[in-house]
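Comments concern the structure below.
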């Protein structure tokens, strides 16, 4: 009589593959006589049947990449998926840009570099999206000789 059934039973009891079940060669006769699940459980408890532990999936690589990303690495062009607007929302980009432009204009007005009329004109232009950036405002001011 072979021990194929006993290995299968031990595997199903322990929720492992029969390949992971190891039988003690010294107690092979006891193992061959075991035909019920209860018999197999008793032999596992006695140590006649031993079970290899399942190998898990190593998280070491995942932990390493996570630590690198926490440091700000691995964020280059090759790692990016999706459009630029998916990573940086258009509305937030607009908010940052307009806040910078408005604070700059208010600073100019506070330091009396520009008059209130010019301020309102430039404020409206920036609201309308006329200026691409802060540098564009500065360029516009120098070209039109609006700064005192």
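The values are calculated or read from the model by the stated rules, or taken from the named source; none is laboratory data. This is a predicted model, so every value here is computed, not measured. Neighbour counts run over all protein chains shown; Cβ positions are idealised from the backbone, glycine included.
Any residue in segment 108-135 that is in the same structural domain as residue 95 (by TED's automatic domain parsing) sitting within a Cβ distance under 7 Å of a residue that is surrounded by 13 or more Cβ atoms within 10 Å (Cβ to Cβ) and outside any helix (DSSP H, G or I)? List the pairs, counting only those 6 or more apart or interchain. Taking only residues 6 or more apart or on different chains, the pairs are 108/114; 114/146; 118/146; 125/131.
A quick yes/no check of all residues on (1) under 30 Å from residue 129 (Cα atoms); (2) assigned by TED's automatic domain parsing to the domain that holds residue 127; (3) free of Cβ contacts under 8 Å to residues at least 12 places away in the same chain; (4) loosely packed, with under 11 Cβ neighbours inside 10 Å:
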| position | (1), (2), (3), (4) |
| --- | --- |
| 26 | no, no, yes, yes |
| 41 | no, no, no, no |
| 66 | no, no, yes, no |
| 71 | no, no, yes, yes |
| 76 | yes, no, yes, yes |
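Any residue in segment 43-51 that is under 30 Å from residue 18 (Cα atoms) and touching a residue at least 40 places away in the same chain (Cβ under 8 Å)? Checked segment 43-51: at least one residue is under 30 Å from residue 18 (Cα atoms) and touching a residue at least 40 places away in the same chain (Cβ under 8 Å).
Restricting to segment 48-64, and then to whatever is in a loop (DSSP other than H, G, I, E, B) and surrounded by 11 or more Cβ atoms within 10 Å (Cβ to Cβ), can you tell me which residue is nearest to the chain's Cα centre (by Cα)? Let's see the steps before the verdict.
At the first step, the residues of segment 48-64 found to be in a loop (DSSP other than H, G, I, E, B) are 48, 52-59.
Those still in the list that are surrounded by 11 or more Cβ atoms within 10 Å (Cβ to Cβ) too: 48, 52.
Details: 48: 46, 52: 33 Å.
Only one residue fits best here, namely 52.
Please verify whether segment 105-122 includes one or more residues that are within 30 Å of residue 20 (Cβ to Cβ), touching a helix residue (DSSP H, G or I) at 6+ places or on another chain (Cβ under 6 Å) and outside any helix (DSSP H, G or I). No: zero hits. Residue-level check: of (1) within 30 Å of residue 76 (Cα to Cα); (2) assigned to a helix (DSSP H, G or I), residue 132 misses just (2).
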